[in-house]
1. Taking only protein heavy atoms into account and a 1.4 Å probe, give the accessible area per residue of the chain in Å².
2. Return the single residue from A102, A171, A44 with maximal mean-square fluctuation; model: Gaussian network over the chain, springs between Cα atoms under 10 Å.
3. Return the label of the correct value of Rg and Dmax of the Cα atoms in Å, as calculated from the structure shown, out of (i) 17.0, 50; (ii) 22.0, 74; (iii) 16.9, 54.
4. Looking at the square roots a ≥ b ≥ c of the eigenvalues of the Cα gyration tensor of region 62-132, which shape do they give, rounded for a/c under 1.5, prolate if a/b is larger than b/c, or oblate?
5. Students often forget the sequence filter, so: which aspartates and glutamates lie under 19 Å Cα-Cα from K16 once same-chain residues fewer than 8 apart are removed?
6. Compare the peptides 71-80, 52-61 by average per-residue count of other Cβ atoms within 10 angstrom and give them in order, highest first.
7. Before anything else, pin down the relative contact order of the chain: Cα pairs under 8 Å, at least 6 apart, normalised by residue count, whole percent.
8. Could you tell me which of A59, S105, L186 has its Cα farthest along the dipole of the chain towards the positive end, charges placed at Cβ (Lys, Arg +1; Asp, Glu -1), taken about the Cα centre?
Amino acid sequence: MTAPDRDEALDSFLDKWRARWPEWGVAQVFVPLHQRDTALAWAALLQELTDAAWGGDDARPGEAKLAWWMEELQGWSRGVRRHPLGIALQKLPAPWQVLAAAVPSLRETRERPRDRDDAFAMLKSFAQAAGEVEASLFSGTADGLALVQAGLLHARLAHTGESAAPLSVLARSGEGAMAHAWGDELSRHWPNATATRPRRLWAALARQRLRRGDAATPLPPWSALWTAWHGARG
């Protein structure tokens, strides 16, 4: 984004995502320069949507936020925006209406899944829409569904901890060990799929965090650089 396009409200949302993913300061060098601002804004938007879906003890505030976001994304498809992230994203030729239609499906993903297969299946509708947007934003093909699903599952684990683990993990590991056990299972069954370069980078960083035993703990800079390099190679 050029200097005249800077906006403090927009920057606050971008910084909120950067705070969870400081590795991106290193990893973004593998994203074409003209796509970096878009990648950052898109990642921040996904974070806003998933935080609304999964955050807090009471689901009702998040449900209200998701309803607002559905209207907001419908507006983007008509050339209207209210949220600061729209400064970076709304004018881009992406299927915002498709994403808006998939937002309600996120409400259902708050429930604890039965097992790994159910965890992936619960996110299929939203991940398909997100994959279509990514394909449009980053000149790719919308065939990275499994990686989008895996990335969303990692994001939920990193943000909400043990409440993200499926019932099968709870039965096997018990309370207190679920987060680690679910992270280990996700890492061992991480999908191998093609995707846009930003998605490959996000997926590589997420999986490496899981391999190190904590979904929420950032990677050291050299580990982040090495991981991102492998992710960029595909």
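1. Details: 11030 Å² over 234 residues.
For the chain, the solvent-accessible area averages 47 Å² per residue.
2. Between A102, A171, A44, it is A171 that shows the largest mean-square fluctuation.
3. Read-out from the structure maps to (iii).
4. Values: a/c = 3.07, a/b = 1.92, b/c = 1.60.
Note, shape of region 62-132 comes out prolate.
5. Candidates past the 8-residue exclusion: D5, D7, E8, D37, E48, D51.
6. Working: 71-80: 16.1, 52-61: 14.4.
The peptides rank, most packed first, as 71-80, 52-61.
7. Worked out over the chain, it gives 20 percent.
8. Value: L186.
The values are calculated or read from the model by the stated rules, or taken from the named source; none is laboratory data. Keep in mind that this is a model prediction, so the values were computed, not measured. All Cβ positions, even for glycine, are placed from backbone atoms using ideal geometry, and neighbour counts span all protein chains on display. Only protein heavy atoms, including side chains, enter the accessible area calculation; ligands, DNA and RNA are left aside. Shrake-Rupley method; radii C 1.70, N 1.55, O 1.52, S 1.80 Å.
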